[in-house]
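J.: Structure below; questions to follow.
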Amino acid sequence: MFLERIAEVTSLATNPETGVLVKFPHSVKRDIISAVLDVLLDNDSPPDLCDSSFSIKWVMECSGQSFALPLSENEIIKKGITLYSNWLNGHNLPPKFLQDKNEYIKTIFGHFSLLFSPRKDCSNGLDKIHVSLCLQVLDIFAKISTKKDGWMDNDSWLYMLSVLVGITDSLLAGKGSHIEPKLTKELTPHLLKLLFDLWLKSKTRKLEMWVQLKHAFINWRHRKETIIQWSSTTFALLNSLIYLFYGKCFGSKDVIIQLPKTNNIQFSPSRIYLEKDLLIFIWHKTLHLIDNPNDLKEPKLFLISMKGIQQLVNLFLTFQQAIKNPNSEEIKYIPDPPSGNTILNIFGDWLFEAVSGRHKNFDEGIECAYSTLCQIFMSNQIEPFIDKYLTRFYQALTYAFTNPKKRGICISAIICHTTQIFTSNLVGVHSLLPYYLHYFQQFLIRNEYFQGSIFSNQILRRNCIKILNTILPFPRYFGDLPIEQFSDLETKNKQIGLKQITSFNQILPFLPELLIKGFDVETDQKNGSLFIWGMNLYIHETIEIKPEDTISIIKSLQNFLFSPKSNHAKWRITVSLTALNSLEIISEFTQQITQYKPKFLSFLVIALSEIVKRIITKSSKSMEPISKNNEILMCKILQVIGKFILATEWIYDSPKALVSVLQSIDLILSPEKPQDNITNKKKKSVHIINPSHILRDVTSLLLHKILLQLGDFPSSTGPSTFSTFVNERELCKEYGLTEKEFDSRIRYFSIHDKRIVSIFEESPLNLQLRQQQTQNENENLNNDEKTLTIIIRDRCGKFAWRARFRSLPLNYQIIPESQLARHRWVGEPRPPIYKQKQEVSQEKIHEQIIDFQLNPHEFDYLSSEKELQLDCLTHVVLLQHRLEEVYRYVEEECNFIPTKCKRPKGENSSYLQTNTLKGGKGNSKTTTTTTTTTIDEKIQKETEYEKKPALGHLRMFLSNFGLFKLQGKGSIEILDNKKERQKLIDALDTLNERQVSMVGVIYIARGQNRETDQSVIWQNQQGSEEYEKFLTELGWVVDLENHKGINSEFYKQNSVKSTRYYANQDSEMFFHILTDLHFDENDRGKKISLFGSHSVTIIWIDDVRNWNPNSLKLGQNDIFIIIRPNISGLYSIEVVSWKPNKNLLIGPLLNSCFVSRHILADLVRKTARTAHKELSMKDSIFVDPLKFRLQNIRSINSKLKSYTDTKGFYSKLFQISNFQEK
C-alpha cells in the first residue's frame, strides 16, 4: 500500500491484498485507526499484543491508513507518524518485528508516501499542518539513512529511493504554476535535497534505478529548484573527484553539497563519502540526468543551467591553474590536468548548441554560454585545441559579431572574457582582429554599448582597453603579413560597416585614434590610467617610425592636465599623476621629439609651468591656502619638468621655456609680500602663499638639479655616481702627508647650513713631488703655481674642484678655443692650454700673464677612465639609449680669462699681485731688468713660501668670492671637533644621491614550473639564449672591486665580484640575477633570503604554463614582473601582486600585455623602477633621497659647528701652522 504515482514512475507494484480499510466509511476508518493507535502507543499495553507476523501486518494495515485521512484528522496522523518513528528507531518493537524487519520497513515507507497525496481540505491553516507533517516524515527518512548497524539491507534502500522518487514526481511533475498547492511549493527543495542525499548514500550502481531517476528528473526540469539541485550536486561530485585523483591539495575528500539559499531556506551542507570508482560513475550519471539543457523551455531555467555548467567549467579551469602551480612538497607526482579539449568533450556540444538557434528571450543564458566558451579557450592550455573545436568557436564569435541586433549583449560578454585572446596561441585568431577593432570604435570612441548586458559600460570599456594594449606591437612586428579573412561573411561584414583589413600594417592608423579619442571621452579613473599607459606603450613601439603620434599623445595628456573637460571633473588626482608619470617616462625620448619638432618641448614645458602658476595665482586671489591635492600635483609637475629639461640640452635654444620654469620656481621659493603703493601711499594687499615644506623641497631641488646637472650627465665619474671620487683620505694619501700635516692645510666650513666645504691648500713642493711620482706630463705644473683643492658636499652629492693661481712669462700665449681639439671621450689626454711663442731673450721679458683657473679635479677623469670604457661605452648600443653625445668630453672648464699686469716697481716677485675675475685688468709699472732664475733661487723661493703663514691662499680664495663679508657673518661657519668629523663625513658620503632599486631576476627553464621541488630553480646557473640576451640589455656588468661608485654591504659579505647595474640621472638599479650568483649548494636559504628581500622581482619563464610565484616562498615580495616568450616572437607580460589592495597600474608595462623584443628590457627596467618608486611613496609624493642627504648635512653642521664670535672666527683662519716640509 503506497501512493499510486510510485507504481507509475518506478518498478514497484501494488499489493492487491492490502488497503482493506480503503473502502470503509470515513467514520469507521477513523475510529478503528484511532483505537488501534491509542492502544499501540499506550505504555501499559501488553507486550504480546502483536506476537505474530499476521498481527503485525494487520496493525500496520490499520496504522498505514491513517496517512490517507483528511487533514482535519491530523491528530490521528501524528499518532501514526509517532508509532512508525518509534519502530524505525527500535523502540517498543513487536516481538516478531525483527524477524522480517526489512519487509516491515518497506511497508512503512510505502505507508508514509500516502501522506504526500494532495488534500481537499486545506483551508483554515490546515495546509501548514500538512506541510509540517510531511516534513516530519522526510526527517524520519533522513535519520534512518544515518543508521550504521545494518538496519536496512540494499533492497530496503532501493525501495526507499523508489518511494521518494514517486513522492517527488507526484508533487513536481506538474506544470509549476503560481497557483499550485502550498504543499508543492514548500516541499520541493526539501524533497529534492533528501532524494539526492539518500541516492548518493545508497551508492547504487543499478542501472534500472538510474534510468527511472532520469526519466522522472526530466519531468521536474521545469522547476528552478530542480536545476539548482542538479548544479550543486554535480559541482560537489566533481570537486570530490578532483581530490581523489590529484590529492588533498585540490578539491575535497567528501562530497559536500551546499545549496544556495532558496525561499528564505538555508540548508546545512550535506557531507557524503564515495569511493573513487563509484564517484566517477555517479558523477557521470548525475551530470546527464538533465539530458540536454538546451531543451529547457523557460529562459530563467536555461540561464540557471548555463550557470551551473559554467560553475563546473570554472572548477576545471581553477583546478588547472592550481595543479600547474603546486606548492605542497607532499605531492611527489601530479598527472596532467584535464585539457581544454577534454572539457569541451564533456560540455562542448551543450555550449555550442546554446550559442546558436535561440530566440531573443534567452539572451542571458546565451551570454553565459559565450562566457563559458571564452573562458575555456582563454585558459592557458598545454595541449592545443583540435581544429573541430576552434572552428566552432570562431563560428560562434563571428555569428555574434555579425548579428549585433540578435547577439548584442553577447558581444559585450565576448570582449570581457577574451582580454588575452591575442596573446594566446590559438591558430588563426588574428582573423578576428577587424571585428574587435570595429567594436572598439563603437565602445571606446562613440561610447555606445548594448542594453541588458551584465557588464557595465565601465567594465566593458576597461576590457576593450586591455585587449587594445595587447595588439599595440602588431603593426611594427608583423608588418605586411596578411590577415586571413572569413570569405563567407563578406555580405554580413558590409552590413555592419566592418572595414576591410588585409594586413597588420593597416591596423596602425586605428591605434592612436582609439587611444586618444577614447581617453578624451573616458570618465572612469581606472580606465583613464589604462589609456595613459597604453599610450605610453604605443610610443615605445612607434617612436622611431611615427613620431607624429607621440606628439599627438603628449598633446592629449597636456590638454587633459591644463584644461580638463567637464566629464573629467569627478576624476581623482591619481589620473593626473598617472599622466605625469607617463610624461616622465616619455621624457627619455626627448632627443627623438626635438628632432621631429624642435620647438614642441618648449611649448610643453611652458604649459606645465603655467599649471603651477595658475594654481598659485588662484590660491593668491582666493586668499586660501593651496590644497594638498594641488600641492601633490605641483610637486609631480615640477619633477616632470626637471626630467624634460635635464634629458638633453634643448633648453638652451628655448629661453622662453627656461624663463617660464624659473618664474614658477620663484613663485614658490620667493612668494609675494605686501608692497607699498607709492602713488596712493597705501599698502597694496597681496596674499602671501605659504607652500608646504615638501613643495619647497621639490622646487629647490629642481633648481639645484638644473644648475648642477644640465648638460653634465654622465659626469666625469661616470653614470654610477654624481659625486667625485676625491675625498680627504685620498688627498692625504696622494700627497704623502701624515694626518697631522694634512690637518694643518685643510679647513672645514658650513655654508648656509646646506653645504659642507673642505678646502685643502697644496704647496709647490707637494706638487713637485706628486708630479715626480705620477710622471704626469700633462699637468704643466710649475713652482709658481698655487693650488687649492675644494671639496663641496651638498644634498646632490660631493664635488671636487682645483683652484690654480699661475704666473707665466709673456712669451706664452693662450690657445684660442677654436683651435682646441674636441676630444670625444673623458679620459683622453688633454691638450695644453698654453704654448710658448718664439724664443725671446730673458732681457726682453717685461710682463707676465696672471691666470686663475677653477677646474673640476682631474682625479675623477683618471679614476673613471677604465670604468667608462668597460661599463658604458661598450654597452651604449645594447642599452639603446644613444648616449654618445652625453659622453663627449666637454672642454668648457669654467676658466677665468687671464689678465695682463705689469710688475710693480722694486718688486721681483712673480706671485699674483692683482687679479680680476672675468676679464678684469690691473696695470702697474714694472722694472725693465730681470735675471735668469737658478735652481738655488727656486729653492730659496720655496723656502720663503713655507715661512709664510699657512692657508694664505685659502683665505684669499674665500675673500675673492665674497664669503668673508662681516655683515654676512653667520652664513659660513668653521667646523671643528676632529674626532667625530671624519666619521660623520664618511657616513654622509655613503648616502644615496638617487633612487636605488634592488631588483631580483629569476630564471625558470621549460618544465620547471611543474616541479614540486622548487629547489631545482635555485640551482639554475645559465638561462636560454633569449634570456641571456635580455640580461645584456637590462644593465651592464660592473667590476665591484674597481667600481668606486657602488657601495653595497651585500656584495662585500658574499664576496660577489660583479653584478648587473644600470644608472641614469634619477635612479640606480642593482639586478641580483640568480644565474649569476654562484653560492654553495647548501646556500639555498641564503638565496631565498636575498630574493625575498626584494620588493620587485623579475621572473623569466620559458614555459607557456601558468606559474605561481608563491611556490618559491619568497615571502616579502610585493610585485612580480613575469616574462614569457610567445611562439609568435613577442613577449607576454604579467605584472602581479600577491598582497591585497595593491594598485598594479604602475606602468609602463601592464598585466597581460604584449611587448616587442627591441623594447622589452627597457620597459621591464622602467616598470621595475616605477614599481619600486610607487612602493616607497609617502602621501602620494616620492621623497627624493637628496632630502635625506640635506637632513644629514644639517645634523653634521649642528654637531661640528664652532660657535664663536667674529674675532674667534677670523683668528682660526690666521693660525700659523707648525707644518714642516719633509
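The values are calculated or read from the model by the stated rules, or taken from the named source; none is laboratory data. Everything quoted here is computed from the prediction, not taken from an experiment. Don't worry about glycine lacking a Cβ; one is built from the backbone with ideal geometry, like all the others, and counts go over all protein chains shown. All accessible areas refer to the heavy atoms of the entire protein, side chains included, with ligands and DNA or RNA removed. Shrake-Rupley method; radii C 1.70, N 1.55, O 1.52, S 1.80 Å.
J.: Test L390 against the criterion of being surrounded by fewer than 18 Cβ atoms within 10 Å (Cβ to Cβ) and at pLDDT 90 or above, and give yes or no. Show your work before the answer.
T.: Values: surrounded by fewer than 18 Cβ atoms within 10 Å (Cβ to Cβ): yes; at pLDDT 90 or above: yes.
Judged against the criteria, L390 is a match.
Yes or no, residue by residue, for (1) touching a helix residue (DSSP H, G or I) at 6+ places or on another chain (Cβ under 7 Å); (2) modelled with pLDDT under 85; (3) within 26 Å of D295 (Cβ to Cβ); (4) among the hydroxyl-bearing types (S, T, Y):
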{"residue": "R221", "(1), (2), (3), (4)": "yes, no, yes, no"}
{"residue": "T226", "(1), (2), (3), (4)": "yes, no, yes, yes"}
{"residue": "S231", "(1), (2), (3), (4)": "yes, no, yes, yes"}
{"residue": "I242", "(1), (2), (3), (4)": "yes, no, no, no"}
{"residue": "K253", "(1), (2), (3), (4)": "yes, no, no, no"}
{"residue": "T262", "(1), (2), (3), (4)": "yes, yes, yes, yes"}
{"residue": "Q266", "(1), (2), (3), (4)": "no, no, no, no"}
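J.: What number of residues within the stretch 1026-1056 satisfy the criterion of being at pLDDT 75 or above, out of contact with any helix residue (DSSP H, G or I) (no Cβ under 6 Å at 6 or more places or on another chain) and either charged (D, E, K, R) or not in a loop (DSSP other than H, G, I, E, B) (or both)?
T.: 7
J.: If you scan the stretch 524-536, which residues turn out to be open to solvent by 10 Å² or more (accessible area, probe 1.4 Å) and more than 15 Å from the chain's Cα centre (by Cα)?
T.: Scanning the stretch 524-536 gives D524, Q525.
J.: Can you tell me which residue among K147, K203 is more than 18 Å from I265 (Cβ to Cβ), surrounded by fewer than 21 Cβ atoms within 10 Å (Cβ to Cβ) and at pLDDT 90 or above? Reasoning before the result, please.
T.: Numbers: K147 fails: at pLDDT 90 or above.
Matching residue, one of K147, K203: K203.
J.: Please work out which one of (1) closer than 21 Å to F116 by Cα; (2) out of contact with any strand residue (DSSP E or B) (no Cβ under 8 Å at 6 or more places or on another chain); (3) in contact (Cβ under 8 Å) with a residue 24 or more places away in the chain; (4) open to solvent by less than 20 Å² (accessible area, probe 1.4 Å) is the condition F196 fails and give its number.
T.: Looking at each condition in turn, F196 falls short on (2).
J.: Given the criteria without any contact (Cβ under 8 Å) to a residue 60 or more places away in the chain, of a type in the set (V, I, T) and open to solvent by 10 Å² or more (accessible area, probe 1.4 Å), does I454 qualify?
T.: On the way: without any contact (Cβ under 8 Å) to a residue 60 or more places away in the chain: no; of a type in the set (V, I, T): yes; open to solvent by 10 Å² or more (accessible area, probe 1.4 Å): yes.
The answer is no for I454.
J.: Of all residues in the stretch 497-522, which are touching a residue at least 60 places away in the same chain (Cβ under 8 Å) and open to solvent by 30 Å² or more (accessible area, probe 1.4 Å)?
T.: If the condition is that a residue be touching a residue at least 60 places away in the same chain (Cβ under 8 Å) and open to solvent by 30 Å² or more (accessible area, probe 1.4 Å), then L498, K499, Q500, E513, K517, V521 are the ones that fit.
J.: Consider the stretch 651-690. How many of its residues are open to solvent by less than 80 Å² (accessible area, probe 1.4 Å), among the polar types (S, T, N, Q), outside any helix (DSSP H, G or I) and at pLDDT 50 or above?
T.: 2
J.: Being of a type in the set (S, T, N, Q), at pLDDT 85 or above and either open to solvent by less than 40 Å² (accessible area, probe 1.4 Å) or assigned to a helix (DSSP H, G or I) (or both) is true for just one of S45, S66. Which residue is that?
T.: The unique qualifying residue is S66.
J.: Could you figure out which of (1) assigned to a loop (DSSP other than H, G, I, E, B); (2) over 16 Å from R205 (Cβ atoms) isn't true of R271?
T.: (1)
J.: Scan (1) within 27 Å of S1128 (Cα to Cα); (2) β-branched (V, I, T); (3) open to solvent by 10 Å² or more (accessible area, probe 1.4 Å); (4) free of Cβ contacts under 8 Å to residues at least 60 places away in the same chain for the single condition I421 breaks and write down its number.
T.: (3)
J.: Here is a further query. Could you tell me which residue of the stretch 108-144 is least open to solvent (accessible area, probe 1.4 Å), considering only residues that are among the polar types (S, T, N, Q) and farther than 23 Å from D197 by Cβ? Talk me through it step by step, then tell me what you get.
T.: Step one: filter the stretch 108-144 for residues among the polar types (S, T, N, Q), giving 113, 117, 123-124, 132, 136.
Next cut, farther than 23 Å from D197 by Cβ only: 117, 123-124.
Working: S117: 30, S123: 69, N124: 154 Å².
By that ranking, first place goes to S117.
J.: May I ask you to list pairs of residues, at least six apart or on different chains, whose Cβ atoms are under 9 Å apart, with the first in the stretch 996-1007 being in contact (Cβ under 8 Å) with a residue 60 or more places away in the chain and the second being of a type in the set (K, R)?
T.: Once the first residue is in contact (Cβ under 8 Å) with a residue 60 or more places away in the chain and sits in the stretch 996-1007, its partners that are of a type in the set (K, R) give S997/R1169; S997/K1173; V999/R1165; V999/R1169; V1001/R1060; G1007/R1105.
J.: Here is a further query. Based on this model, can you work out whether Y477 counts as open to solvent by 60 Å² or more (accessible area, probe 1.4 Å), among the aromatic types (F, W, Y) and assigned to a loop (DSSP other than H, G, I, E, B)? Give the steps one after another, and end with the answer.
T.: On the way: open to solvent by 60 Å² or more (accessible area, probe 1.4 Å): yes; among the aromatic types (F, W, Y): yes; assigned to a loop (DSSP other than H, G, I, E, B): no.
Against the criterion (open to solvent by 60 Å² or more (accessible area, probe 1.4 Å), among the aromatic types (F, W, Y) and assigned to a loop (DSSP other than H, G, I, E, B)), Y477 does not qualify.
J.: Being farther than 17 Å from R119 by Cβ and open to solvent by 10 Å² or more (accessible area, probe 1.4 Å) is the requirement here; does N92 meet it?
T.: Details: farther than 17 Å from R119 by Cβ: yes; open to solvent by 10 Å² or more (accessible area, probe 1.4 Å): yes.
In short, yes.
J.: Taking only the stretch 753-769 into account, find how many residues are modelled with pLDDT under 80 and either surrounded by fewer than 18 Cβ atoms within 10 Å (Cβ to Cβ) or in a loop (DSSP other than H, G, I, E, B) (or both). It would help to see each step written out before you state the result.
T.: Here is the first cut: in the stretch 753-769, the ones modelled with pLDDT under 80 are 762-769.
After this cut, where a residue has to be either surrounded by fewer than 18 Cβ atoms within 10 Å (Cβ to Cβ) or in a loop (DSSP other than H, G, I, E, B) (or both) as well, the list is 763, 765, 768-769.
Within the stretch 753-769, residues that are modelled with pLDDT under 80 and either surrounded by fewer than 18 Cβ atoms within 10 Å (Cβ to Cβ) or in a loop (DSSP other than H, G, I, E, B) (or both) number 4.
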